[in-house]
Amino acid sequence: MIPLLVLLLAAVMAVTWFFLYRWKKLGGVGKSEMDYRQDAFRVIPYPIILINRDDILLYINPAAEKILKVQLRRTIGKDYKTIFSIIDFETKLAIKHLEKLSISQDWKECELSLGDEKILTAELSVSSIDSGYQLGNKQAYVLSFKDISERKTLEARLEILENRDALTNLYNRKALESQLKTVIMDSRKHGSKHVFFHLSIDQFKNINDTIGYTAGDSLIRSIATLLRQSVDNSIDFVARLNTDEFGMLLRERSISSAVETMKHVRQVVDEFQFSWNGTVYPVTVSGGFVLVDRMSRMPARVLSKGDLTCRIARKRGGNRIVAYREDDPDVKQAQDNIKGVWNLKQAFKEDRFRLFAQPIHALEATKYALPFSHYEILIRMYDEEGNIVPPDEFIPIAENYAMMPVLDRWVVKDVIRQLKAVKKQTPTPVFAINLSGTSLDDEGFLAFVLEEINNAQIDPRMLCFEITEQVAISNIDRAEAFIETLRKMGSSFSLDDFGTGVSSYGYLRSLDVDYLKIDGIFIKDILSDGVARAMVQSIVQVGHKMGLKIIAEYVENDEIVDLLRLMSIDYGQGYGISRPEPLNEMLKIHI
């Protein structure tokens, strides 16, 4: 399109040069020359305007006449600004310096206006007529206008679509972030205060999962309508953030005023009856709000605080509003978790994990002589200063933030890597690896373990996998398949933390395991707690009846060891027997 316009402009310039040359040679313009000039410009399909350096109109072609709603004979010799204005599309200011545009040779987006009426959105190109050919001793400019009204209308529509949520026609997250950026800047400059409210539908997942996505979409639209009706849409801003979450920016509001609005929203939703196929479903919302003032920083930070307080509201039972406060224990805990996730990711990136091994000793022997033949693999994380981070500080975070599969894969890979150096010996040393429920539920995890074993060419009998009772019960089908596949290769299995589940014995028959590991809560108080002792004795009897070996955790002293021997427990593990040591050190006796 632009090359064509360039050619047309070149044609205009050539024609202009020709008639100017003839005009100068003839010393004036006769009627036939005027007709010739008009014919030359009449063929150009878009507006062409000639203006001298004093802003006097010299000529307009028919396309310009039509748009400006004027006639050529009534415009010649007049200041063009008395007839129309040329407005910069971006700045909305009048374009005055045509000479600069003629030098740059760029197309400039502008608007042609008659008074207050916009008549054309166009791209403007300005070219100066060669100074050797002047009109009335004044250099002239040729203004060419390319109509882009349709394009700009389309762009405006696309911008609306880009900033709107398709399902609800509310603004989307991108638009909200832009608005937050604006009010944050205003707060810093003028000290204004605003409130951001983040809310979610408490029952959405249940409705979506039980009666379908169509019902879920209908609920979302209904809530969006209620929110829109609950605020002053001339100043407030409502957006859909994601699936069932919304954001409301309440401008120029005090905390008390905003809280009243939020209470009203919660009440309106609470009174709303969502009906689907003749059934009415109760609906409530939870929300968190954040003050936006001169201390606020980035929009992302405001959104993060709103999301955090909304989740806290749901954690506290739902159907409530929570204010963001730095001293809130739940806020502090969540911030610690976020920091913990970052630390975990950094530890992976900087290779700050190490494997330890704690011996599991046969209690039939009276001495704990080396070499041990059974170990539990333990993972340790180091902070940036080289200090060990306790497992109970990072394992729960990994569990809550879906990082256990990554952690488990790292452990499996590194254990197998180190076991490549172990020589064949009798008895074959066994190294127990703990597996999380999320890893067991990962369809690709079994294939990963098999691939690591095959690539390293280690003896699979050296591997024992520990699965907690709760994990096994929650993933019974996948647990059975995992156990069956690896047992065929020679690996063994241990059911960890046994005895804490209500269905312990019922599921035990379904799982082809080798060891039962009694939960440490029963062992640590076994000397003084008769109920714990009875529970342990029951587990031992059932386990032995099924041909399983029994392992006791938390064996902290010789008195516990002596009692466990009397109860016919097969193995003991704890600081009373041996402390964990780096795996690479433990392996030296097996290499």
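The values are calculated or read from the model by the stated rules, or taken from the named source; none is laboratory data. Small disclaimer: the values here were computed from a predicted structure and weren't measured. Please note: Cβ atoms are built from the backbone with ideal geometry, for glycine as well, and neighbour counts cover all protein chains shown.
So the values come out like this:
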item	result
Residue in region 188-197 that is out of contact with any Lys or Arg (no Cβ under 7 Å at 6 or more places or on another chain), surrounded by 19 or more Cβ atoms within 10 Å (Cβ to Cβ) and modelled with pLDDT of 95 or more present	yes
Candidates Leu249, Leu219 - the one that is modelled with pLDDT of 95 or more and either among the small types (Gly, Ala, Ser) or part of a strand (DSSP E or B) (or both)	Leu249
Count of region 472-500 residues which are more than 21 Å from Gln537 (Cα to Cα), more than 34 Å from the chain's Cα centre (by Cα) and surrounded by 14 or more Cβ atoms within 10 Å (Cβ to Cβ)	9
Candidate set from region 52-75 (those that are touching a residue at least 40 places away in the same chain (Cβ under 8 Å) and not hydrophobic (A, V, I, L, M, F, W, C)); member that is surrounded by the most Cβ atoms within 10 Å (Cβ to Cβ)	Asn52
Hits in region 55-75 (condition: assigned to a loop (DSSP other than H, G, I, E, B) and modelled with pLDDT under 85)	Lys69, Val70, Gln71, Thr75
3 or more residues under 30 Å from Arg311 (Cα atoms) and assigned by TED's automatic domain parsing to the domain that holds Ile523: qualifying helices (runs of 4 or more DSSP H) within region 397-498	404-419, 437-440, 469-474
Test set (1) in a helix (DSSP H, G or I); (2) of a type outside the set (A, V, I, L, M, F, W, C); (3) in contact with a Phe, Trp or Tyr (Cβ under 8 Å, 6 or more places away or on another chain) - Lys517 fails condition number	(1)
Selection status of Val422, of a type in the set (Val, Ile, Thr), over 22 Å from Ile518 (Cα atoms), in contact (Cβ under 8 Å) with a residue 24 or more places away in the chain and touching a Leu at 6+ places or on another chain (Cβ under 7 Å)	yes
Count of residues meeting criterion [within 20 Å of Arg251 (Cα to Cα) and in a helix (DSSP H, G or I)] in region 149-189	17
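Conditions (1) under 20 Å from His590 (Cα atoms); (2) of a type in the set (D, E, K, R), marked per residue:
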site	(1), (2)
Glu384	no, yes
Asn387	no, no
Pro390	no, no
Asn400	no, no
Asp408	no, yes
Gln418	yes, no
Val422	yes, no
Thr428	yes, no
Phe431	yes, no
